[in-house]
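The values are calculated or read from the model by the stated rules, or taken from the named source; none is laboratory data. If you're wondering where the values come from, they're calculated on a predicted model, not measured in any experiment. Note that each Cβ is placed from the backbone with ideal geometry, even for glycine, and that neighbours are counted across all protein chains shown. All accessible areas refer to the heavy atoms of the entire protein, side chains included, with ligands and DNA or RNA removed. Shrake-Rupley method; radii C 1.70, N 1.55, O 1.52, S 1.80 Å.
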Amino acid sequence: MNLDKEKIRAENQKNSAAHNESFDCLSNSLTNQGIDIASVIQKLGEFQVAIPSWALGAGGTRFGRYGFYGEPSTLEQKLDDVGLLHALTQTAGAISLHIPWDLPEDYKAIKERAKSHNIIFDAVNSNTFQDQKTSKVSYRYGSLSNSSKASRDMAVQHNIDVIKIGEKLGSKSLTVWLADGANFPGQSNFQSALQHTQDSLQTIYSELPQDWKMFIEYKPYEPNFYSTVIQDWGTSFMLANACGEKAFTLVDLGHHLPNTNIEQIVSTLMWKGKLGGFHFNDSKYGDDDITVGSIKPYALFLIFNELVYGMMNNPQNPPLAWMIDASHNIKDPLEDLIQSLEAIQEAYAKALLIDRDALKAAQLEHDVVQCQEILQNAYRTDVRPLIEKSRLDNGGAINPLKAYRSLQVRNQLIMERGKNSVASGL
Ligand code: LRH
Ligand code: MN
């Protein structure tokens, strides 16, 4: 299914009066504060988030799965769905594939399909947390960290195969997340597990093309519930340094113990030039993988405050990979992703409005109250007219969710794909 620009333009007609009014009001007040809104709108337009190929259908939990009708059951259909999101939001210009869930068959056709939707292939993700039917050995007790050399070799080879697949698609980065760990004290030797992991990652790294990056994703627990080999940012940072300058830490927002100060982790990694990218989502308890900004929008704003500061002051940190990592249990996956993209743009736009000179002055004067006032003045600004303008300028919908519903996109997908199509992934 394609969403042609004409249909989107017609939808925008319905919302343009309200948009123009709120935009004029906001741009006057921001311009009076000396803010260059044209550069804010441009930065929003340039901000492209990769959509996870594993989050275009209903995920489900161990307690069950409630399917969504019209799910994409092929990689082609997944590319079409990301194309829909990008047509409406103009900020979803990439897809992140998970191998083998999304193993391309016809590379030429897949690349043409992506091109037809103006989307590129962002990081490719390896999967050494599930045994494949063809597997000769198992990942039951780990992959890159496994005491069994056969399991380590299989996992290393899989990552090298994933790089080759990514190269054929034009991707420029590999994301490695390991479920490796233990469920009980005494089950594994922490040091040998870490040594095996470091050696295995260095072997994979030695196969990384010159212009590629390797992202090492950390997580404190699940599916192992006593220890995880790459449990926190420090371990990922240490392993990235052990590999080399093309290896970086990937921050998945859901991979932190309660009340972790994630914005300080982001700041530290950018200072060291080792922040590779993000998996955006939100959570109240564990790795809930729910809609970005649906639980802790202020925390997301504080993270973007450090990101904007880092992008202005840390040339040692390369451009970041922005990706969503979500799982949908109760919302239409495309509506959920539209809401996540909106929340990301909102946090970024608010962070771009922070008066950094005034904040620096207040910090140096230890005017703690003023520091908070400066941050919250930006946070309290309703930036939606700026995001709408950025979409409008790039041919998107002023209000993607309204347009998605008004154009009956889900019903059309059901007519095309039927009620029983199931998407691979989480
Ligand atoms: C692990 C994770 C990782 C992916 C998986 C789908 O929790 O965040 O990024 O491989 O989800
Ligand atoms: Mn993730």
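I'd like the full set of residues that are open to solvent by 60 Å² or more (accessible area, probe 1.4 Å) and farther than 30 Å from Asn377 by Cβ, limited to region 35-74.
Result: Thr61, Arg62, Phe63, Arg65, Tyr66, Tyr69, Ser73.
Please work out if His158 is open to solvent by 30 Å² or more (accessible area, probe 1.4 Å), touching a residue at least 24 places away in the same chain (Cβ under 8 Å), within 16 Å of ligand 1 (Cβ to nearest atom) and of a type outside the set (D, E, K, R). If you could, list the steps in order and put the result at the bottom.
On the way: open to solvent by 30 Å² or more (accessible area, probe 1.4 Å): yes; touching a residue at least 24 places away in the same chain (Cβ under 8 Å): yes; within 16 Å of ligand 1 (Cβ to nearest atom): yes; of a type outside the set (D, E, K, R): yes.
Spelling it out, His158 is indeed open to solvent by 30 Å² or more (accessible area, probe 1.4 Å), touching a residue at least 24 places away in the same chain (Cβ under 8 Å), within 16 Å of ligand 1 (Cβ to nearest atom) and of a type outside the set (D, E, K, R).
Here's the yes/no breakdown for (1) touching a Cys at 6+ places or on another chain (Cβ under 9 Å); (2) open to solvent by 60 Å² or more (accessible area, probe 1.4 Å); (3) within 14 Å of ligand 1 (Cβ to nearest atom); (4) free of Cβ contacts under 8 Å to residues at least 12 places away in the same chain:
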position	(1), (2), (3), (4)
Trp233	no, yes, no, no
Asn241	no, yes, no, no
Gly244	no, no, no, no
Ala247	no, no, no, no
Gly254	no, no, yes, no
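Of all residues being within 16 Å of ligand 1 (Cβ to nearest atom) and of a type in the set (A, V, I, L, M, F, W, C) in region 50-74, which is nearest to Val409 (Cα to Cα)? Just the residue, please.
Once the filter is applied, the top-ranked residue is Leu56.
For the condition among the basic types (Lys, Arg), in a loop (DSSP other than H, G, I, E, B) and modelled with pLDDT of 95 or more, what is the one hit in Lys284, Lys350, Lys389?
Lys284
Got at least one residue in region 127-145 being away from ligand 1 (no atom under 16 Å from the Cβ), modelled with pLDDT of 95 or more, under 26 Å from Lys213 (Cβ atoms) and open to solvent by 40 Å² or more (accessible area, probe 1.4 Å)? Give the derivation first.
Applying the first criterion (away from ligand 1 (no atom under 16 Å from the Cβ)) to region 127-145 yields 133-138, 140-141.
Among the residues that remain, those that are also modelled with pLDDT of 95 or more are: 137-138, 140-141.
Subset that is under 26 Å from Lys213 (Cβ atoms): none.
Scanning region 127-145, I find no residue that is away from ligand 1 (no atom under 16 Å from the Cβ), modelled with pLDDT of 95 or more, under 26 Å from Lys213 (Cβ atoms) and open to solvent by 40 Å² or more (accessible area, probe 1.4 Å), so the answer is no.
So, of the residues in region 310-342 that are open to solvent by 20 Å² or more (accessible area, probe 1.4 Å) and of a type in the set (A, V, I, L, M, F, W, C), which turns out to be nearest to ligand 2 (Cβ to nearest atom)?
Ranking the qualifying residues of region 310-342, first place goes to Trp322.
For the subset of region 189-222 comprising residues that are polar (S, T, N, Q) and in contact with a Ser or Thr (Cβ under 7 Å, 6 or more places away or on another chain), which member is surrounded by the most Cβ atoms within 10 Å (Cβ to Cβ)?
Per the stated criteria, the residue is Thr197.
Can you confirm whether Glu105 is in a loop (DSSP other than H, G, I, E, B), open to solvent by 30 Å² or more (accessible area, probe 1.4 Å) and out of contact with any strand residue (DSSP E or B) (no Cβ under 9 Å at 6 or more places or on another chain)?
Considered against the rule, which asks whether it is in a loop (DSSP other than H, G, I, E, B), open to solvent by 30 Å² or more (accessible area, probe 1.4 Å) and out of contact with any strand residue (DSSP E or B) (no Cβ under 9 Å at 6 or more places or on another chain), Glu105 comes out as yes.
Can you tell me which residue is most open to solvent (accessible area, probe 1.4 Å) among those in region 343-367 that are touching a residue at least 60 places away in the same chain (Cβ under 8 Å) and farther than 25 Å from Thr61 by Cβ?
Asp355
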